[in-house]
Amino acid sequence: MIAPKIMIVEDEEPLGVLLQYNLESEGYQVEIVTRGDEADLRLQEHVPDLLVLDWMVPGVSGIEICRRLRVRPETERLPVIMLTARGEESDRVRGLATGADDYLVKPFSTPEFLARVRALLRRAKPEVLSSVLKVGDLVLDRESHRVFRKKSEVKLGPTEFRLLEFMMRHPGRVFSRGQLLDNVWGETIYIDERTVDVHVGRLRKAVNTNRMPDVIRTVRGAGYSISEE
C-alpha cells in the first residue's frame, strides 16, 4: 500500500519534528513546511492526502491558507486539521467556519492527534486507507499487488502499478506529467517527462485489452486522467 501523504505547516521546530516522527512511525509520508507562503506554493504544485495547519505561521496565516484552499477546486475537499494556541470558542468557530475539518488546541497529546488524523482520513478520504481501489470495472488490490478488469487479471510492471494506483486514488482528475513524476517516481529522482508517456502507453496497452474502452484519458496540453465511467 502506498502510504498516505501528510503535509505539516508548523514553524515550531520541536513540535514539527515530534509530529513527523510519530506520523512516520504510523506509516505515513510526511512533509514539513515552516512558512505559510511556502506552503501555499507547495499546495499549488501537489496536494497531499491531509494537511496539518498551524494557525499562526509566518508569511501567510493558517486561516488565510485554509480560505484559499477552499476556493480552489483541486483543494476544496482537502482534509485540514488546524493547530492553534487559541482555545477560545470564537476562535474555534472561526477556524471551522473558514474550512478546517478539525481543530486541536495546543498543548495536545500525541495519541489524540494520531487518532484525529486516522478518523479524518477514514471519513474524508477512505480510499487512501483501503487496500482495494475500484474505478469503473477496474479493481486494484494494494496488498496482493494485483489488478483486475472485468474479473480478468491485468499484468503490470511495478511502475505501471504505482501509476495506476495513484490515478485510481483520484479518478477523473487530470494530472500533468510533472505531477505524475513527483507522486509516482518521487521528487528526488530526475527523470525526463517523456518517460511518463512511455509508462502511460504501457499501462494503457495492459488495461485496454480485448477492445475494451480506453480508461486512460489524454488531455492535450494538460496531462492524463483515469475515467470513472
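The values are calculated or read from the model by the stated rules, or taken from the named source; none is laboratory data. Being a predicted model, the structure only gives us computed values, none of them experimental. We place every Cβ from the backbone using ideal geometry, glycine too, and count neighbours over all the protein chains shown. To get the accessible areas, we keep the full protein, side chains included, count just its heavy atoms, and leave off ligands, DNA and RNA. Shrake-Rupley method; radii C 1.70, N 1.55, O 1.52, S 1.80 Å.
A compact table of results
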read-out: Cleavage-rule hits (GluC sites (Glu not before Pro)) in the stretch 102-199: DSSP loop, at most 14 neighbouring Cβ within 10 angstrom; value: 143, 187, 193
read-out: Accessible solvent surface per residue of the chain, calculated while the other protein chains remain in place, 1.4 angstrom probe, Å²; value: 51 Å²
read-out: Virtual spin-label span in nm between residue 127 and residue 109, 7 Å along Cα→Cβ; value: 3.5 nm
read-out: Share of carbon and sulfur in the accessible heavy-atom surface of the chain [1.4 Å probe, %]; value: 49 percent
read-out: Filter on 125/205; 5/134; 134/155; 5/151 - keep pairs with C-alpha separation over 26 Å; value: 125/205; 5/151
read-out: The chain: relative contact order as a whole-number percent, Cα under 8 Å and 6+ apart; value: 13 percent
read-out: Additional length obtainable on full extension of the chain from residue 144 to residue 191, 0.36 nm per residue less Cα span; value: 14.1 nm
read-out: Lys, Arg +1 and Asp, Glu -1 on Cβ, resulting dipole of the stretch 50-167 about Cα centre, debye, nearest 20; value: 320 debye
read-out: Rg(Cα) / (2.2 N^0.38 Å) computed for the chain, rounded to two decimals; value: 1.09
read-out: Extension gain from residue 222 to residue 67, taking 0.36 nm per residue of separation minus the Cα-Cα distance; value: 53.2 nm
read-out: Choice from 75, 34, 110 showing the highest fluctuation, given a GNM over the chain with Cα pairs closer than 10 Å; value: 110
